[in-house]
Amino acid sequence: DDAAVWAEPEHGPPPYLQTLPFSQQPVADLWEVNARMAQRVRTEHAAAMREAAASTAAPPAPPPSGPDFIAGGDAGRWGMSSYMGPKDGYVFREQGPRGAGYYREGTAAARAGSDAPAGPEPAKPAPSVGRDGSLLRAAMDENPDVADKLASMMGGAVPPVAPPAGEDEAAAAASAEKLRAVDEEGVAVGARLAAQQREGAVEFACASASAPGGDLSLLERCVGKMNLGSASGGGGAAEVAKMVFSAGAEQLSLVTHVPESKRRGVDAAAWTRAVLAAIGGKVMCSAPQPAPLGGGSIVLAAVSADGGEHEPDADMALGLAAAARFLEEDTPA
């Protein structure tokens, strides 16, 4: 159909966008944040529409039924035209074998063709806009002032229109594969930590995960899979206090989870701050928040690559060492 859904990612400029405390420099590129969110909305919307279509697909239409012939209007008695408009499953014949009227589709008379008068051309569907940035492109094509104003706002560059809708399926498949890899690694790392805890070898741990590729939201999902109970398909490591790192091209992400049973041994926020101080650079750190699994608290943080000033893989090595050092110095024996 021609329905359109308009989704507008709107992450505002500073002070809505977090800034560094002293330099007041933004911790992320605002346009990139919006563009990535738009792509995620497109991918998830396409997947949801496919799922909805599969669950509500209508059964095939039954073959036409009814009498083989329905007489048309009686022009002689009532002054009516023999043709009385289209009828589903029937073809109108002015000179059919049984006179003027409607012959059921599939009969020999119907296969001879229709004598229905030509009506007005069907209305053309409205242009499909709003999908994958086409609404923006349509506005720019129709009014050059729109393009000029956008170019001015973006410092001389018009924001790119999203890829064609045909690419949504490939993007959705890639996204699903990425999530599967993140979940599998979370379960595997969590199972290893849980096994070490049962053996009495670990209560506090530092670990890394490669599948999230430095994406903080994916790393948070990965840690959730680590904490999920083994009976529910997770790693079962909810009672292990842990700091998990993931390095990508643009940033190093880390998630700190300290369950309620370990909060007297280590403070999640203090542990995270100590690691970020050892790494340095442009950092983002959330306030402690309740952990969805395992109780206790969770802290999310990231260190920007800052245009090459920092190397996330090297930062991860620094972070792992700093996290282990903090545990040695600040946790009870």
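Below is a table of values for the structure above.
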{"read-out": "Qualifying residue in segment 274-284 (condition: open to solvent by 10 Å² or more (accessible area, probe 1.4 Å), without any contact (Cβ under 8 Å) to a residue 24 or more places away in the chain, closer than 18 Å to A323 by Cβ and in contact with a helix residue (DSSP H, G or I) (Cβ under 7 Å, 6 or more places away or on another chain))", "value": "no"}
{"read-out": "Filter result for A231 (open to solvent by less than 30 Å² (accessible area, probe 1.4 Å), at pLDDT below 90 and on the phi < 0 side of the Ramachandran plot)", "value": "no"}
{"read-out": "Filter result for the condition that a residue is under 27 Å from Q24 (Cβ atoms) and surrounded by 17 or more Cβ atoms within 10 Å (Cβ to Cβ), over V266, V255, V240", "value": "V255"}
{"read-out": "Yes/no for L327 being open to solvent by 20 Å² or more (accessible area, probe 1.4 Å), part of a helix (DSSP H, G or I) and either closer than 18 Å to P21 by Cβ or in contact with a helix residue (DSSP H, G or I) (Cβ under 7 Å, 6 or more places away or on another chain) (or both)", "value": "no"}
{"read-out": "Condition broken by E311, with the remaining ones in (1) in contact (Cβ under 8 Å) with a residue 60 or more places away in the chain; (2) under 31 Å from the mean Cα position of the chain (by Cα); (3) within 26 Å of S23 (Cβ to Cβ) satisfied", "value": "(1)"}
{"read-out": "Selection from segment 285-299 of residues that are outside any loop (DSSP other than H, G, I, E, B) and buried (at least 22 other Cβ atoms within 10 Å of the Cβ)", "value": "I298, V299"}
{"read-out": "Every residue from segment 304-324 that is under 13 Å from M243 (Cα atoms), touching a strand residue (DSSP E or B) at 6+ places or on another chain (Cβ under 7 Å) and buried (at least 17 other Cβ atoms within 10 Å of the Cβ)", "value": "M316, G319, L320, A323"}
{"read-out": "Top-ranked residue of segment 170-206 - restricted to ones that are in contact (Cβ under 8 Å) with a residue 60 or more places away in the chain and farther than 24 Å from R264 by Cα, ranked as least open to solvent (accessible area, probe 1.4 Å)", "value": "A172"}
{"read-out": "Yes/no for A302 being outside any helix (DSSP H, G or I) and at pLDDT below 90", "value": "no"}
{"read-out": "Test: residue in segment 271-284 that is farther than 18 Å from A317 by Cβ, aliphatic (A, V, I, L, M), modelled with pLDDT of 90 or more and in contact with a strand residue (DSSP E or B) (Cβ under 7 Å, 6 or more places away or on another chain)", "value": "no"}
{"read-out": "Filter result for L218 (open to solvent by less than 30 Å² (accessible area, probe 1.4 Å) and within 18 Å of A314 (Cα to Cα))", "value": "no"}
{"read-out": "Considering residues of segment 1-57 that are of a type in the set (D, E) and in a loop (DSSP other than H, G, I, E, B) only, the residue surrounded by the fewest Cβ atoms within 10 Å (Cβ to Cβ)", "value": "D1"}
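The values are calculated or read from the model by the stated rules, or taken from the named source; none is laboratory data. Only a predicted model underlies this, so the values are computations on that prediction, with no experimental measurement involved. Every residue, glycine as well, gets a Cβ built from its backbone with ideal geometry; the counts of neighbours run over all protein chains shown. When the accessible area is computed, the model is the full protein with side chains, heavy atoms only, and any ligands, DNA or RNA have been set aside. Shrake-Rupley method; radii C 1.70, N 1.55, O 1.52, S 1.80 Å.
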